[in-house]
Every structure is written in C-alpha cells, then in structure tokens.
Amino acid sequence: MDFLSPDPPIKLNDPNWPIRTYKPQYPPTYVGGGEIINSIVGDGCYIQGGKVVNSILSPGVTVEPEAEIEESIILEGAIIRRGARVFKSIVDKQAIIPANFSVGLDLEKDRSYFKISPLGIRTIPKGWRLE
C-alpha cells in the first residue's frame with residue numbers, strides 16, 4: 001500500500017532499478033465504466049463499473065458494476081460482484097465476494113467469516129465463496 005502514497009519507497013518505473021518479475025499472459029485491462037482513484041491495476045483486469053480507491057488490483061481481477069473497493073489489495077482472479085463493498089481488506093486469489101455483500105463495515109459479521117488483523121484488516125482466504 002506504500003506504493004500508493006505520494007512518495008513511495010521506490011519508483012516502480014525507475015529505469016535504474018528495473019523490476020523483473022514473471023509475467024503470465026493476460027489480455028489488456030478493460031475499463032468499461034466506473035471510477036479508479038489512486039490505485040494500481042494489473043493486466044487482464046475486467047472493470048465493468050464501480051469504484052476503486054487507494055487499492056491494488058492484481059492481474060485478472062473482475063470488478064462488477066456498483067461494486068466499491070477502498071484501501072484494499074485484491075489478488076489474482078478474484079471477483080467482486082455487483083454492489084459488493086470491500087474496505088481495508090486483502091482478498092486472496094480466486095475468492096468471490098458475492099453481490100451486495102460487504103467486507104470491512106461490520107466487525108462482528110466479518111469475524112464470523114474472516115480473520116481480522118490487530119489493525120482491522122480483513123483477510124479473505126484463497127478461493128473463498130459464500131455457500
């Protein structure tokens with residue numbers, strides 16, 4: 001999350017310190033509406049609408065219309081369904097946040113589903129789905 005600050009610890013595009021990572025093949029990111037503010041969006045994301053603020057979206061993330069993501073890290077292949085709200089959370093790979101579901105707004109409800117750090121960050125496990 002420090003990379004989203006006005007003065008990040010390193011510049012991701014600094015030619016003197018190139019970042020070399022394994023890069024799987026993804027199509028370009030698609031943004032079909034919505035609002036993205038102060039965020040990093042990886043390749044192959046499919047953003048159909050909604051709002052992404054101060055967050056990091058890994059490759060292959062889907063954000064459906066009316067979804068809201070704030071101060072969160074969404075890992076590869078996760079899906080944030082229509083109208084879902086995700087705040088101060090880490091959503092692991094392939095997790096699906098259901099339509100109109102909220103994470104990060106109700107501490108007691110969140111405790112029944114997820115682990116919560118001492119700083120209040122919710123962690124949604126890999127492949128999580130509401131059954």
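The values are calculated or read from the model by the stated rules, or taken from the named source; none is laboratory data. On a predicted model such as this, the values are computed, not experimentally measured, just so you know. Note that we place each Cβ from the backbone using ideal geometry, even for glycine, and neighbour counts take in every protein chain shown.
Suppose the filter is more than 18 Å from G127 (Cα to Cα), part of a loop (DSSP other than H, G, I, E, B), touching a residue at least 12 places away in the same chain (Cβ under 8 Å) and of a type outside the set (S, T, Y); does G33 pass it? In short, yes.
Given the options K126, K88, name the one that is closer than 21 Å to M1 by Cα, surrounded by fewer than 16 Cβ atoms within 10 Å (Cβ to Cβ), in contact (Cβ under 8 Å) with a residue 12 or more places away in the chain and among the charged types (D, E, K, R). Don't jump to the end; show me each part of the working.
Values: K88 fails: surrounded by fewer than 16 Cβ atoms within 10 Å (Cβ to Cβ).
Selected residue: K126, the only one of K126, K88 that is closer than 21 Å to M1 by Cα, surrounded by fewer than 16 Cβ atoms within 10 Å (Cβ to Cβ), in contact (Cβ under 8 Å) with a residue 12 or more places away in the chain and among the charged types (D, E, K, R).
E71 meets all of the listed conditions (1) touching a residue at least 60 places away in the same chain (Cβ under 8 Å); (2) touching a helix residue (DSSP H, G or I) at 6+ places or on another chain (Cβ under 8 Å) but one, namely (2).
Can you find a residue that is exposed (fewer than 14 other Cβ atoms within 10 Å of the Cβ), modelled with pLDDT of 95 or more and touching a Gly at 6+ places or on another chain (Cβ under 7 Å) anywhere in segment 60-71? No - not one qualifying residue is present in segment 60-71.
Over 30 Å from T21 (Cα atoms), among the β-branched types (V, I, T) and crowded, with 18+ Cβ neighbours inside 10 Å: is that true of V52 in this structure?
Values: over 30 Å from T21 (Cα atoms): no; among the β-branched types (V, I, T): yes; crowded, with 18+ Cβ neighbours inside 10 Å: yes.
In short, no.
Could you list, in sequence order, all residues of segment 62-82 that are of a type in the set (G, A, S) and on the phi > 0 side of the Ramachandran plot?
Step one: filter segment 62-82 for residues of a type in the set (G, A, S), giving 67, 72, 77-78.
Once the filter is applied, which keeps residues that are of a type in the set (G, A, S) and on the phi > 0 side of the Ramachandran plot, segment 62-82 yields only G77.
If the condition is being polar (S, T, N, Q) and closer than 20 Å to Q25 by Cα, then segment 55-109 contributes S58, T62, Q94. Within segment 40-54, the set of residues being without any contact (Cβ under 8 Å) to a residue 40 or more places away in the chain and touching a strand residue (DSSP E or B) at 6+ places or on another chain (Cβ under 7 Å) comprises I40, V41, G42, C45, Y46, I47, Q48, G50, K51, V52, V53.
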